[in-house]
Amino acid sequence: MVTAAPRITPRIMHPALIIFLLALLLGVQPITTDLYLPALPDLTHELGAGMVQAQLTLTALLLAYGVSQLVWGPLSDRFGRRPILLIGMIAYTIAALGSAFAPSMDALIAWRTLQGAAMGAGVMCARAIIRDLYSPAQGAMVISKALSGLGVIACISAPLGGFLTAWFNWHIALLVLAVFGAISLGLIALRFEESIPQKNPNALQLRTMACNWLHIVRNPTFLAFSALTICSYSGLFSFLASSSFVLIRVLGLSTTEYGMVMFGNSFIYLLGTFLCRHLLRRFGVRRAVAIAGGLTFCGGGGVVLLAVLGMQSVWAIEIPFALFMLAHGIHNPCGQSGSVAPFPQAAGAASALNGFLVTISAFATGQWLGSHIDGTIWPLVIGIGFWSAMIALVAWTLVQRYAPSP
């Protein structure tokens, strides 16, 4: 079990600085995927790669992102969040530079894998920092504000990627990720104060790690909220991993137009994070998640229904999918904060395990999509429909039973 080190009092950072830093750390995930998506068809063609290799540039990144968190989590509980963030963002910036100038698809996959592992340090620490500094009730509100910042980053990412790819090339588009990494690294080095109130000197001992993992996975609250985040992100990833091929290659959008579609999705998600805070204040976590479950079910069901009726167009996908994105802005902050809330002394380990489970599911989803993309809209439609049903099921059952009482 956990043997605590002497408790320390973290230096107080301004609340606005905390939110901004958290937005950058959480935002590293959408900018790494969304800005890259408009460039994916072009770089696949230029590097002479097949569809499976193209999908691997996303799925390998996500697998490394998930697995790395199992290492970053205990390390951050032992040594603190600040050194892990510095190491992670240095590695991220180097990997982004390597990706931008990759001479082959194999090299690009290798650099993107390193980038995913480094990205895991930032996102994992962000979730742990929230538990370090805030109570569970406050944490959902704070992460919702930070995810509003993530929404702004996501809004900018895809249009910027589309514009840079159309007017320059995919190398320039990927170079932006190195700039983002360098800015984030500088801000962490100059302004971030260690947040962990009590380092665990035994966090890296195998027996301690095994006890922590077992304690976490036996907790029904962790399982309920992790299921919510797993299903919600897997549904989103079904769109991310297939939409550039479906909307550009099948439905005829340009890269710039595709970027604007992604902007619309991100903007709806941003609105969802504002709606999340309103629902949390008025109804609490359980009812907020239940309402969002209804939105998800209607959105995903609408995508499937319109496709079955033969309405195969960009708008037949995007209009109902907007409901999915609005609900994702509620499920994501509630799920992420809820999964680490029961573990104030092991927030890094809980955050890491949650992130690992989410990305393993996304990896499996990406592998399925990579082998089923066939020049039609159906892989995208099936993926969104399946995960929308699963999200609603979790939101209406597990979360209602195991979420903490208001």
Check your understanding: Quick check: is even one residue across the range 210-224 over 23 Å from the mean Cα position of the chain (by Cα), buried (at least 21 other Cβ atoms within 10 Å of the Cβ) and in a helix (DSSP H, G or I)?
Key -> yes
Exercise for review: Please go through the range 248-283 and pick out each residue that is in contact with a Leu (Cβ under 6 Å, 6 or more places away or on another chain) and modelled with pLDDT under 90.
Suggested key: Leu253, Tyr258, Thr273
Revision key, fill the gap. Going through the range 52-85 in order, the residues found to be of a type in the set (Phe, Trp, Tyr) and within 19 Å of the chain's Cα centre (by Cα) are Tyr65, Trp72
Exercise for review: Would you check if there is a residue in the range 100-112 being surrounded by fewer than 24 Cβ atoms within 10 Å (Cβ to Cβ), in contact with a Phe, Trp or Tyr (Cβ under 8 Å, 6 or more places away or on another chain), on the phi < 0 side of the Ramachandran plot and assigned to a helix (DSSP H, G or I)?
Suggested key: no
Check your understanding: Out of Thr44, Thr9, which single residue is modelled with pLDDT under 80, β-branched (Val, Ile, Thr) and part of a helix (DSSP H, G or I)?
Key -> Thr44
Exercise for review: Report yes if some residue within the range 188-209 is over 27 Å from Val289 (Cβ atoms), assigned to a helix (DSSP H, G or I) and either among the small types (Gly, Ala, Ser) or in contact with a Cys (Cβ under 6 Å, 6 or more places away or on another chain) (or both); otherwise report no.
Suggested key: yes
Revision key, fill the gap. Ser313: passes all of (1) surrounded by fewer than 23 Cβ atoms within 10 Å (Cβ to Cβ); (2) at pLDDT below 95; (3) under 21 Å from the mean Cα position of the chain (by Cα) but (3)
Check your understanding: Restricting the range 365-381 to residues that are without any contact (Cβ under 8 Å) to a residue 60 or more places away in the chain and touching a helix residue (DSSP H, G or I) at 6+ places or on another chain (Cβ under 9 Å), which is surrounded by the most Cβ atoms within 10 Å (Cβ to Cβ)?
Key -> Trp368
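The values are calculated or read from the model by the stated rules, or taken from the named source; none is laboratory data. For clarity, every value in this text was computed on a predicted model and none was experimentally measured. Glycine also receives a Cβ, built like all others from the backbone with ideal geometry; neighbour counts cover every protein chain displayed.
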